[in-house]
């Protein structure tokens, strides 16, 4: 029967989205954005030398067909990627009207988003008074801080001292359909922050806001650190996803990273969390111990959060090379009949204007299906293909490329 491993490299886009002109970073459309392509070009030109050096090296995913996948998606040269593909490779195009985490993951799992997300305006204040009053009421505070578009680290820096003094939660958003609350794990309390976000989520979900995100941090002002205890309270998918299909067939579904949050734990048996290094250890353990016929669904988020949004090209390249080394450890653990697919949910080109996601196609590379150039496919085809591999009926619009 074999097992399936669906591994999302969060934000590792391949460029070439045909509707990129409809999505923006500030006033600049995403036309031409290319996360992998531009990182490869920067590395080859000696422009990504902090903590690493030279052309980017990803031999294991390159051998499967990563370079050819990006060339197919966007036509870029991908310097340094010269290997002849030996695995499954192609590129996928999204149709949902968003370049965010839930849209990408749900569509990869067979369910395009059928509605338009609600986005908060890039104004100050960004949120209506009634919403902020509800946050303060649920938090048991006299007020809130923030109330604007911002990146996580700068807004904590700006309001850290006042937050520690008053206990007021720091509220902010981005170009995504999100409402984020930052608070100190010890001064405010981690459990209190998680309860606040959970209690607030139904109000935001009714507005078609995709996620309420708890962003805890520790330490002192000027020397704080966001922790791995982030939790996303996402709106539930509108119909059964790949996770539900597999679990409904009596199989096990194991989540690694924020998959459990993205799918509101629907169709999921268990979840492992942590920083990406720990998450890869969990993926290795799943390769050793996951049951026949099971799905292991993993998300590695630090490409996006630590390097994409801050526009750190060197850091992004170094993280990709680290990930590829771990892939080299992972693939030999797979059993005959297993399938592993590596893909992404959107782009976040670190060479681009602004700090938000970029609308891109995503690479699709796989191990366990032989040499198989699948061409340009839909996001939903990935979920359908995983279902076909596991012998589970697909309930979405996708078509298997296996």
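The values are calculated or read from the model by the stated rules, or taken from the named source; none is laboratory data. Worth saying up front: this structure is predicted, and the values here are computed from it rather than measured. Cβ placement follows ideal geometry from the backbone for every residue including glycine, while neighbour counts extend to all protein chains displayed.
Considering region 126-146 alone, what residues qualify as being over 30 Å from residue 257 (Cβ atoms), part of a helix (DSSP H, G or I) and in contact (Cβ under 8 Å) with a residue 12 or more places away in the chain?
Within region 126-146, 132, 136 meet the criteria.
Please work out which residue is farthest from residue 331 (Cα to Cα), limiting yourself to region 263-281 and to residues that are surrounded by 19 or more Cβ atoms within 10 Å (Cβ to Cβ) and under 18 Å from the mean Cα position of the chain (by Cα).
Out of the qualifying residues, it is 263.
Going through region 202-217 one residue at a time, which ones are crowded, with 20+ Cβ neighbours inside 10 Å and either free of Cβ contacts under 8 Å to residues at least 12 places away in the same chain or assigned to a helix (DSSP H, G or I) (or both)?
204
Can you name the residue in region 160-186 that is part of a loop (DSSP other than H, G, I, E, B) and buried (at least 20 other Cβ atoms within 10 Å of the Cβ) and is also nearest to the chain's Cα centre (by Cα) among such residues?
176
For region 147-157, which positions are in a helix (DSSP H, G or I) and within 15 Å of residue 212 (Cα to Cα)?
152
Out of all the residues in region 11-31, which are under 18 Å from residue 354 (Cβ atoms), in contact with a strand residue (DSSP E or B) (Cβ under 8 Å, 6 or more places away or on another chain) and surrounded by fewer than 18 Cβ atoms within 10 Å (Cβ to Cβ)?
21, 22
Looking at region 76-101, which of its residues are over 22 Å from residue 400 (Cα atoms) and touching a strand residue (DSSP E or B) at 6+ places or on another chain (Cβ under 8 Å)?
Listed by number, the residues that qualify are 76, 99, 100, 101.
With the requirement that a residue be out of contact with any helix residue (DSSP H, G or I) (no Cβ under 6 Å at 6 or more places or on another chain) and surrounded by fewer than 23 Cβ atoms within 10 Å (Cβ to Cβ), what does region 81-99 give you?
Hits for region 81-99 are 82, 84, 93, 95, 97.
Please work out which residue is surrounded by the most Cβ atoms within 10 Å (Cβ to Cβ), limiting yourself to region 144-159 and to residues that are out of contact with any strand residue (DSSP E or B) (no Cβ under 7 Å at 6 or more places or on another chain) and under 16 Å from residue 175 (Cβ atoms).
151
Under the condition of being touching a strand residue (DSSP E or B) at 6+ places or on another chain (Cβ under 7 Å) and free of Cβ contacts under 8 Å to residues at least 24 places away in the same chain, which residue from region 219-267 is farthest from residue 151 (Cα to Cα)?
Once the filter is applied, the top-ranked residue is 247.
Residues that are under 24 Å from residue 290 (Cβ atoms) and within 22 Å of the chain's Cα centre (by Cα): list the helices (runs of 4 or more DSSP H) wholly contained in region 1-110 that include at least 3 such residues.
59-64, 101-108
Restricting attention to strands (runs of 3 or more DSSP E) lying wholly within region 284-402, give those where 2 or more residues are farther than 30 Å from residue 176 by Cα.
372-378
Would you please list the contacts, defined by Cβ atoms under 6 Å and residues six or more apart or on different chains, that run from a residue in region 271-297 that is at positive phi and in contact (Cβ under 8 Å) with a residue 12 or more places away in the chain to a residue that is surrounded by fewer than 19 Cβ atoms within 10 Å (Cβ to Cβ) and not in a helix (DSSP H, G or I)?
274/228; 293/1
Would you check if there is a residue in region 328-345 being surrounded by 19 or more Cβ atoms within 10 Å (Cβ to Cβ), touching a residue at least 12 places away in the same chain (Cβ under 8 Å), touching a helix residue (DSSP H, G or I) at 6+ places or on another chain (Cβ under 9 Å) and under 22 Å from residue 47 (Cβ atoms)?
No, that holds for no residue.
Given the condition out of contact with any helix residue (DSSP H, G or I) (no Cβ under 7 Å at 6 or more places or on another chain) and part of a strand (DSSP E or B), answer yes or no: does some residue in region 251-263 qualify?
So far as region 251-263 goes, yes, one or more of its residues are out of contact with any helix residue (DSSP H, G or I) (no Cβ under 7 Å at 6 or more places or on another chain) and part of a strand (DSSP E or B).
For residue 123, all conditions in the list (1) in contact with a helix residue (DSSP H, G or I) (Cβ under 9 Å, 6 or more places away or on another chain); (2) assigned to a loop (DSSP other than H, G, I, E, B) hold save one; what is the number of the exception?
The one condition residue 123 does not meet is (1).
So, residue 117, is that one touching a helix residue (DSSP H, G or I) at 6+ places or on another chain (Cβ under 9 Å), buried (at least 23 other Cβ atoms within 10 Å of the Cβ) and either at pLDDT 95 or above or under 28 Å from residue 310 (Cα atoms) (or both) or not?
no
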